[in-house]
Amino acid sequence: MTEISQIPVRPCDPVVLMVDDDYVTRKLVSISLGKSGISVISLEDSLEILKKAREIQPDLIMLDQMMPGKSGMDALSELKAEVDLQKIPVVIMSAKSQRADIQRCLDNGAADYLVKPVSMKELEHRLLQHIPGFQN
């Protein structure tokens, strides 16, 4: 299921594709980033991530690590294997805080890794570091 942020989208707004199985997390992130001028398109699972990423060419992709079906790590590997998508920064957001889990994601191409729970202020700050040229 795809949800589009309730915040109006302007053509110049950066777009984040967010994949997280938790509805509340998707909603909070969409509202918080929307207030900063970032449009969020969200999916509740990663099964259609390649199709949606090709379609919208987001400025950044945010993935939950632990999801039913296809894990964030599997989705990350698929994204990085696609020539037309591999340069899009991918940020993992997960409750997994083990150093080995974090390092594995970074080694496989994640631009950053955030441990849940994360404050919306920190989330915004860290994501903005990976969206070239965006200033809110």
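Since every read-out is calculated from the coordinates, none of them should be taken as a lab result. What you see is a predicted model; the values in this text were computed from it and never measured. When we count neighbours, we look across all protein chains shown, and the Cβ atoms used for this are built from the backbone with ideal geometry, even at glycine.
Stretching L128 away from Y23 to a fully extended chain increases their span by 35.5 nm, per 0.36 nm per residue minus the current alpha-carbon distance. Backbone geometry of segment 69-86 corresponds, through the Karplus equation with coefficients 6.51, -1.76 and 1.60 at θ = phi - 60°, to 3J(HN,Hα) couplings of x, 9, 6, x, 5, 5, 5, 4, 4, 5, 4, 6, 7, 8, 4, 7, 10, 5 Hz, x marking Gly and Pro.
The candidate values are (i) 75; (ii) 23; (iii) 29; the one derived from this structure for percent of Cα pairs over 23 Å apart carries the label (ii).
For the chain, with only Lys/Arg (+1) and Asp/Glu (-1) charged at the beta-carbon, what is the dipole magnitude about the Cα centre, in debye rounded to 20?
With Lys and Arg at +1 and Asp and Glu at -1, about 300 debye.
As a length-normalised measure over Cα pairs under 8 Å and 6 or more apart, the relative contact order of segment 2-128 settles at 22 percent.
Placing pseudo-labels 7 Å out from each Cα toward the beta carbon at C12 and N108 gives an inter-label distance of 3.8 nm.
Remark on G37: its backbone amide H falls under 5 Å from none of the residues 5 or more positions apart or on other chains, H modelled at 1.01 Å from N. Once the chain from I56 to K35 is taken as fully extended at 0.36 nm per residue, the excess over their C-alpha distance is 5.5 nm.
With the highest mean first, a sort of the peptides 114-120, 100-106 on other beta-carbon atoms found within 10 angstrom per residue produces 100-106, 114-120.
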